[in-house]
Amino acid sequence: MPHKILVVDDEAEIADLIETYLADENYTIFKFYAAKDALACIETTDLDLAILDVMLPDIDGFALCKKIRETHTWPIIMLTAKDAETDKITGLTLGADDYVTKPFRPLELAARVKSQLRRYKKYNPAHAGSAGPVPPADTLIHGDLVMDKKAHDCSLNGEPIELTPTEFSILRILLENRGTAVSAEELFHQIWQDEYYSKSNNTITVHIRHLREKLGDRTDKPKYIKTVWGVGYKIENQP
């Protein structure tokens, strides 16, 4: 079944261009020029990914991203006309998984869509078509923190934690490497499979901060994610 992609951009020429390239990849596209129409679609359609422009005529893409994250965990890619670090950090903080700066290359955007969907399918069996019991190897336990990699579930003290695909991937990598510091560069490469730049560190930092908030982790006395200054991040072997 083709993946369903939501595209929201008030510039018809750009929205049409994205639709053309993604349709060539056999995705089903739901295209809108305003957030209100997109929200109506979200209510009635089982989507797999969203591409949101920041500048929209009714509410901005940041507000739309935040609204989506209230009920959905599928990947979100933000489109921004500004190459400002604050815009990117804002989107990531609100739950976006990636961002693309305008003007962009359509083939690069299509590649990022593929990458996000590949990760989402890998850790979400409802979209990957997998079923059956989850073997112990697919469950990571660290004190009261439990991650089911195959079901893409995570809970703390028995309560579910809603994580975006990127947050889930970062936490999974850190749990799988308990006792070892993982650099921001290594995290970035494993998640995005892309070349690491100095600004990429801000991307990881924002997601780590978001993860800590959801885990109730304190920066000064972290129980889960510790910063190893000059190296990266790690989760200790013992909670």
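What is the chain by shape, rounded, prolate or oblate, if you read a ≥ b ≥ c off the alpha carbon gyration tensor as root eigenvalues and call it rounded for a/c under 1.5, prolate for a/b larger than b/c, and oblate otherwise?
Prolate, because a/c is 1.5 or more and a/b exceeds b/c.
May I ask which residue of 64, 229, 152 lies farthest towards the positive end of the charge dipole of the chain, with charges of +1 (Lys, Arg) and -1 (Asp, Glu) on Cβ and the Cα centre as origin?
229
Pick from 111, 12, 40 the residue whose mean-square fluctuation is largest in a GNM of the chain, springs joining Cα atoms under 10 Å.
Judging by the Gaussian network model, the answer is 40.
Treating cross-link reach as a plain straight distance, find the aspartates and glutamates whose alpha-carbon is under 19 Å from the alpha-carbon of residue 226, omitting any fewer than eight places away in the same chain.
Reachable aspartates and glutamates: 144, 167, 176, 185, 186, 213, 217, 236.
Just to confirm my numbers, what's the Cα centroid distance between region 23-87 and region 98-112 in Å?
Centre-to-centre distance over Cα atoms comes out at 14 Å.
For the chain, what is the mean residue ellipticity at 222 nm derived from helices alone (per DSSP H run of n ≥ 4: -39500 (n - 2.57); sum divided by total residues; nearest 500 deg cm²/dmol)?
-12500 deg cm²/dmol
Ranked highest first by the average count of other Cβ atoms within 10 Å around their residues, in what order do 48-57, 174-183, 98-107, 146-155 fall?
48-57, 146-155, 174-183, 98-107
Around residue 31, under 11 Å between beta carbons, what's the net of Lys plus Arg minus Asp minus Glu among the other residues?
-4
Apply the a/c threshold of 1.5 to the C-alpha gyration tensor of region 9-71 and tell me whether it is rounded, prolate or oblate.
Oblate, since a/c reaches 1.5 and b/c is not below a/b.
Grab the Cα-Cα distance for residue 46 and residue 104, subtract it from 0.36 nm times how many residues apart they are, and report the gain in nm with one decimal.
So the chain would gain 18.2 nm between residue 46 and residue 104.
Using only the Cα atoms of region 1-116, build the gyration tensor, take square roots of its eigenvalues as a ≥ b ≥ c, and label the shape rounded, prolate or oblate: rounded if a/c is under 1.5, else prolate if a/b is larger than b/c, else oblate.
rounded
With respect to the cross-link table entries 4/114; 36/67; 66/88; 88/221; 4/31, which display a Cα-Cα separation exceeding 18 Å?
Pairs exceeding the cut-off: 88/221.
To the nearest 20 debye, what is the magnitude of the charge dipole of the chain about its Cα centre, counting +1 on the Cβ of each Lys and Arg and -1 on the Cβ of each Asp and Glu?
880
At 1.4 Å probe size, with the rest of the protein present, what percent of the exposed accessible area of the chain is carbon and sulfur atoms?
51
The values are calculated or read from the model by the stated rules, or taken from the named source; none is laboratory data. These figures come from a predicted structure and were not determined experimentally. So basically every Cβ, Gly included, is an ideal-geometry build from the backbone, and we count neighbours across all protein chains shown. The accessibility values were calculated without ligands, DNA or RNA, using every heavy atom of the protein model including side chains. Shrake-Rupley method; radii C 1.70, N 1.55, O 1.52, S 1.80 Å.
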